[in-house]
1. Kindly flag which residue pairs out of Lys88/Lys273; Lys325/Lys357; Lys156/Lys195; Lys81/Lys188; Lys4/Lys31 have an alpha-carbon separation exceeding 19 Å in this structure.
2. Which of the aspartates and glutamates could a cross-linker span from Lys29 if the Cα-Cα distance has to be under 15 Å and same-chain partners fewer than 8 positions apart are dropped?
3. Peptides 9-22, 57-70: what's the order by average Cβ count within 10 Å, highest mean first?
4. What relative contact order, as a whole-number percentage, does the chain give when Cα pairs under 8 Å and 6 or more residues apart are counted?
5. Which trypsin sites (Lys or Arg not before Pro) from segment 207-296 combine a DSSP loop assignment with at most 12 other Cβ atoms within 10 Å?
6. Loop-only trypsin sites (Lys or Arg not before Pro) in segment 75-161, please: DSSP not H, G, I, E or B, and at most 12 other Cβ atoms within 10 Å.
7. Pull out a ≥ b ≥ c, the square roots of the eigenvalues of the alpha-carbon gyration tensor of the chain, then state rounded if a/c is under 1.5, prolate if not and a/b is larger than b/c, and oblate in the remaining case.
8. Once Lys and Arg get +1 and Asp and Glu get -1 on their Cβ, which of Val351, Gly305, Pro340 lies farthest toward the positive end of the dipole of segment 299-353?
Amino acid sequence: MKAKLDELKRKNLFRELRTVTSSCSGTVKYKGKECIMLASNNYFGLNVNPKVISAAKKAVEKYGTGNEASRLIVNLDIHQKLEQEIAKYKNCKSAILYSSGYAANLGIISSVVGKGDFILSDELNHASIIDGCRLSKAEVKIYRHCDAEHLEKTLKVLAVKKRKNKEGKILVVTDSIFSMDGDIAPLKKIIGLKKKYSFILMVDDAHSIGVADTNFKEIDIHMGTLSKALGSQGGYCAGSKDLVDYLRNFSRSFMYSTGLSPSDTAAALESLKIINTNEKLKSELVKNYTYLRQKLLDFGFVALGEYQIIPIIINDNNKTMLFQKMLENEGIFVTGIRFPTVTSARLRVSVMATHTKKQLDVALDAFEKVGKKLKVI
């Protein structure tokens, strides 16, 4: 283990925790200093919303701090209420909660397909999807990122193989908004392929719930998290009643995990209600990420993405981590991302609806200052 850790350090790939001492809203306290937070997945700032906090407190008072057993042993009415609301939100018949988004992807994929089946996975899908594919023992084929034409070529080959050998099921799985590139899958094109080829379609909505919802009826499996835009903790799967009944009986990461805490469940319920009724939150998020991305591009940064996740491509591990450190000194909290999470080193900037224009301008000044010092722009 030490040899491997030493190797990481030599390559400047060693990871360390950065400990904050406050909630992660528009700002965060880090090393005793108030910093502008541009690294959080808390896209609507709902983790500090007074209504969400109040709902969590009331749930603790009513149910206690934890569920203390698997849902198959102790099932709270509040769990079922959240599942009903998620199903309604996703225009599905039913839904099921998981302890995390990671557990959801592992449990869904490994139980829906298995040996003799095929999985077609976008090359930049999240690690939890990759691990779920591995665990399933299905044959995995990777298609080029957001490339529907390459996906169709792979489907054609499998279609011939299926007719010849009567092979098993095909699952196509993709993130919707990709967590490190900030772009979105060509879902309408993929759905078009679904009409030509017989496959199950699974979409990971972890970073798109409330931002760019993908409630297409042609999607068979809607997976998502409660821990990003909803400001809580946990994961979910929505789909048909048969799918959810099946997962409840065969998905090991559901069956053998303790149910979500009452406070997390209540917080997610309240957050979902807010997202459903507060259109201003979404419009503020769109306004903020549009403004920030355009300014970064104007400075000369390579700033990718389409939504609230803005990757600034640096392509150098050392320079990326130095950029992160220099931004910290300027009071800006951003995370440098390196291999193996991504193939090209970058700063992952994430924007919130609750950021003020003044905060974004302060951050932009820091980006321009540091970018020029490091000769990135």
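1. Lys325/Lys357; Lys81/Lys188; Lys4/Lys31
2. Within the straight-line cut-off, Lys29 pairs with Glu328, Glu330.
3. 57-70, 9-22
4. 23
5. Filter output for segment 207-296: Lys217.
6. Working: sites: Lys81, Lys88, Lys90, Lys93, Lys115, Arg134, Lys137, Lys141, Arg144, Lys153, Lys156, Lys161; in loops: Lys90, Lys93, Lys115, Lys137, Arg144.
Sites meeting the loop and neighbour criteria: Lys115.
7. Because a/c hits 1.5 or more and a/b fails to exceed b/c, the chain counts as oblate.
8. Pro340
No value in this document is a laboratory result; all are computed from the given coordinates. Quantities reported herein were computed from a predicted structural model and do not represent experimental measurements. We place every Cβ from the backbone using ideal geometry, glycine too, and count neighbours over all the protein chains shown.
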